[in-house]
Amino acid sequence: MSSSANDFASNPLGTSITLEELYDAFELLDDWEDRYAFIIDLGKQLPPFPDAQRTEKNYVHGCQSQVWLIHHYDKESGKLLLLIDSDAIIVRGLAAIILLAFNNLTPTDLLATDIDKLFERLDLFRHISPTRGNGLRSMISKIRNIAAAEIA
Amino acid sequence: MSSVSTAKTAPPQFDVEAVRRDFPTLSQQVNGKPLVYLDNGASSQRPEAVLLAMDRYYREMHSNVHRGAHTLGDRATNAFESAREKVQKFLNAPSSRQIIWTRGATEAINLVANGLTEKLKPGDEILLSQMEHHANIVPWQILAERTGAKVVPIGVTPEGELDRESFHCLLGERTRILAFNHVSNALGTINPVADMVAKAKAQGVITLIDGAQAVPHFQVDVQALDCDFYVFSAHKMFGPTGIGILYGKADLLEAMPPWQGGGEMIERVSFAGTTYNTLPYKFEAGTPAVAEAVGLGAAIDYLASLDRGAMEAAENALLRRANDLVASVPGMTVVGTAANKVPVMSFTIEGLHPSDIGTLLDQQGIAVRTGHHCAMPLMEFYEIPGTARASFAFYNTLEEVEQLFTALRKIQSRFA
Ligand SMILES: Cc1ncc(COP(=O)(O)O)c(C=O)c1O
């Protein structure tokens, strides 16, 4: 079953919540506990992931936790809609940050987005570095491949 | 912990602070906090003595081994062969011919699985256990595929012990090989090796024991265990990476064909036919990891310099303290509660994924392993995606155990 536009309708990440808001909020948090509590709360903003989409095709490999990713290309607006789910609350929160950066952009804009820089600015880069092996790196490549395929 | 611990009248003294000073890696800050290293099951740290021995080897005596007509070559060969003798004594093996250098436990198991090809016919059975590390599963599956043999796992009890009934049922007519771990890396369970080996032997079954998680914690005597093969890796027992050991019974090693071909493993090479070197060199093709062998020898010397009975008692105290504190963390469940364990605690906490626990502990300077611990069949048995695992070494302190639980309580109350 392919995903429908409906699955993405209620996603606030990259639509009603913006990256600038994230930067501003993050600046006010000074200890690790508050930062992680914030990340985890952000993960709770992800809309429910449709159960029917928990398929092998949508599974992101290389994660310790179970991670799923689906997308929908909206022809009218030319924008790519994304949805991610994970059973680990921190991965879910980090996925929410990735969506803040990537969701609801045209594939061209998505490919031009420097996600590493964003994570560096938040001092979270180690979480998406290839050494961590939590799968976020493969999630990012998967999203970029999807965007590239829409352009091609 | 193990039966080797000596019963002493007074509690043995073990100066953990003095021992910690021998390990340079331990005295550093991580994420602004003093490092609490509880991932020893994945790889332990090295004492200064190991670093110095390897450094000295490279500075003063490096050359290729068994080749030279010169002084450095002699020195290197002496250092290399004397390390082999240390390993022989460490395991109480009858002869150093039976000590074969490998890259680690994984390579040692692959070597044996490869060497036993001729012993198997279609329908024969290789008995493993449900709690094996993938390193002691996949090589046997490859062997089974090649020979038409079948891999059969011994079951595990909910407490994380090998199921004796399952073992007795499965050890049968067709069993040719029995391979299992001395100590489970995921759970810490110490398995009854001598007893199981005796039962297998009575039926003529070849036995391999994966000792990767045993040798860091207690003394092993391969003659007392009477197993045919015993393997371990140096890096989990305070030695270097990239080197490990295969011990084997002489007759089996003699009968096994060489594994890799090359220099060193031959007696004479000609295009009319090649004859192989004697043990142990028959299995050591190519230039070996000499500095690493020397480092492993130094790790063995270092362990011998400690009171191992006192060390075991100290490790037991760490596990006891951890067990006592489990109830202080709401929703925490220990996976693997066998009566006989090394100081390893695998656990889950309700509302948190193991990877969440790992990340949040790391923020507090505490290193644990999370995930399936290369034991997916075991995780399948428990129906969990994985665990967080605190694996202690003798250089860990009771304060570090307290710190772990303080951190877990904080994580649980704030994030779960
Ligand atoms: C029980 C057990 N066997 C085998 C291995 C493999 O050891 P290595 O990777 O050093 O070859 C490990 C390592 O985690 C282990 O814990």
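The values are calculated or read from the model by the stated rules, or taken from the named source; none is laboratory data. Nothing here was measured: the structure is a model prediction, and the numbers come from that model. Quick reminder, even Gly has a Cβ in these numbers, built from the backbone with ideal geometry, and neighbours come from all protein chains shown.
Here residue B:381 clears all of (1) under 28 Å from residue B:219 (Cα atoms); (2) at pLDDT 95 or above except the condition numbered (1). In this structure, residue A:31 qualifies as over 16 Å from the mean Cα position of the chain (by Cα), of a type in the set (D, E, K, R) and within 14 Å of chain B (Cβ to nearest Cβ).
Just to check your reading of the model, which residue among B:36, B:65 is buried (at least 16 other Cβ atoms within 10 Å of the Cβ), farther than 30 Å from residue B:152 by Cα and not assigned by TED's automatic domain parsing to the domain that holds residue B:188?
Only one candidate qualifies: B:36.
For the stretch A:34-53, filtered to residues that are more than 14 Å from chain B (Cβ to nearest Cβ) and not in a helix (DSSP H, G or I), the residue that is farthest from residue A:119 (Cα to Cα) is A:50. Give the residues of the stretch B:378-402 that are closer than 15 Å to residue B:324 by Cβ and touching a residue at least 60 places away in the same chain (Cβ under 8 Å), sorted by residue number. Result: B:390, B:392, B:398, B:400, B:401, B:402. Being surrounded by fewer than 21 Cβ atoms within 10 Å (Cβ to Cβ), within 26 Å of residue B:385 (Cα to Cα) and without any contact (Cβ under 8 Å) to a residue 60 or more places away in the chain is the requirement here; does residue A:33 meet it? When the stated conditions are applied, residue A:33 passes them. Could you please give the count of residues in the stretch A:74-88 that are closer than 11 Å to residue A:150 by Cβ and either without any contact (Cβ under 8 Å) to a residue 12 or more places away in the chain or among the basic types (Lys, Arg) (or both)? Residues in the stretch A:74-88 being closer than 11 Å to residue A:150 by Cβ and either without any contact (Cβ under 8 Å) to a residue 12 or more places away in the chain or among the basic types (Lys, Arg) (or both): 2 in total.
Take residue B:30 and decide whether it is within 14 Å of chain A (Cβ to nearest Cβ), at pLDDT below 95 and away from the ligand (no atom under 16 Å from the Cβ). Can you show your working first?
Working: within 14 Å of chain A (Cβ to nearest Cβ): yes; at pLDDT below 95: yes; away from the ligand (no atom under 16 Å from the Cβ): yes.
For residue B:30, the condition - within 14 Å of chain A (Cβ to nearest Cβ), at pLDDT below 95 and away from the ligand (no atom under 16 Å from the Cβ) - is met.
Go through (1) at pLDDT below 90; (2) surrounded by fewer than 18 Cβ atoms within 10 Å (Cβ to Cβ) and name the single condition residue A:75 misses. Only one criterion is unmet by residue A:75, namely (1).
For first residues located in the stretch B:102-121 and part of a loop (DSSP other than H, G, I, E, B), partners that are near the ligand (Cβ under 7 Å from one of its atoms) and lie 6+ apart or on another chain with Cβ distances below 7 Å form the pairs B:103/B:244; B:104/B:233; B:104/B:244. Filtered by the rule that a residue be on the phi > 0 side of the Ramachandran plot and either touching a Ser or Thr at 6+ places or on another chain (Cβ under 8 Å) or surrounded by 15 or more Cβ atoms within 10 Å (Cβ to Cβ) (or both), the stretch B:322-349 gives a lone residue, B:336. Can you find a residue in the stretch A:119-141 that is among the small types (Gly, Ala, Ser), modelled with pLDDT of 90 or more and farther than 29 Å from residue B:374 by Cβ? No, that holds for no residue.
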